[in-house]
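What follows is a set of notes on a single structure, which appears directly below.
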Amino acid sequence: MNRTLSVVIPAFNEAVTIARVIQTVAQQPLVGEIIIVDDASTDGTYKNLPSPSDLPIPLKIFRHTINQGKGAALRTGITAATFPYVIIQDADLEYDPREYPTILQPLIENRADVVYGSRFLGGSAHRVLYFWHRVGNGLLTLLSNMCTNLNLTDMETGFKAFRREFIQKIQIQEDRFGFEPEITAKLARHGARFYEVGISYSGRTYAEGKKVGWRDGFQALWCILRYGFGPG
């Protein structure tokens, strides 16, 4: 199987899981390179990164000196990608790297320019967590769809894959969690072919390190309006 995938991993205070995530990603046959962006972690995340010489594929490491947010980390990582396809992998294993072939299939078959892994499609296993998160996600996805004329089920998913030449043409402006609605609106405006596939999901509680909160929901709402209706 050809290695055609750049994996971008934004990380902020993920010292507990970062090494295991990288090792798991490196074992996947499609992966050609791993790009880590440590967004000024304060818990020793950077010190827990494996040595590039210990992995079977290249490991590119970037480190922000000031915490800027997930969007800024992805901007750094996506710019550095060199393989035909790019996928976002959270540093906490809420999303399973073993599902890369499923995510990438529509891209490999040239049916899509972007593929979203939906937590709400299919029969894969999902950890049961917060009711109001599900309600908020559904509302944000609905409003985003109204602006983009898409019929996504999970706009806020952290499991997104792109054709590299397509995603690198998009100027990412949002530094934090506004990345999701921003990139959705801009890709739709550029005529990207969207696919969704069902994925499993092993979400975290706040005690386990989950970082998205209600303030991020309001930021996402603002970004839907900004990029959905404005020039963005």
task: For segment 5-229, divide the Cα radius of gyration by the Kirkwood radius and give the resulting Rg/Rh value with two decimals.
output: 0.93
query: Counting alpha carbon pairs within less than 8 Å and at least 6 residues apart, what relative contact order, in whole percent, applies to segment 82-196?
result: 40
field: At 1.002 mPa s and 20 °C, Stokes diffusion of segment 41-171 via Kirkwood alpha-carbon radius, µm² per second
entry: 126
Net charge over other residues, Cβ less than 10 angstrom from the Cβ of V115 (K, R count +1; D, E count -1): +2
message: Neighbour counts of other C-beta atoms within 10 Å: give me E14, E109, E182 arranged from fewest to most.
response: E109, E182, E14
- prompt: Which residue, S41, S53, S144, tops the fluctuation ranking in a GNM of the chain built on C-alpha contacts under 10 Å?
  reply: S53
statement: Working note, segment 54-131: Cα radius of gyration (Å, one decimal) and Dmax (Å, whole number) are 15.1, 41
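A short reminder: the numbers here are calculations on the coordinates, not readings from a lab. Source: prediction; values computed, not measured. FYI the Cβ positions are ideal-geometry reconstructions off the backbone, even for glycines, and counts take in every protein chain you see.
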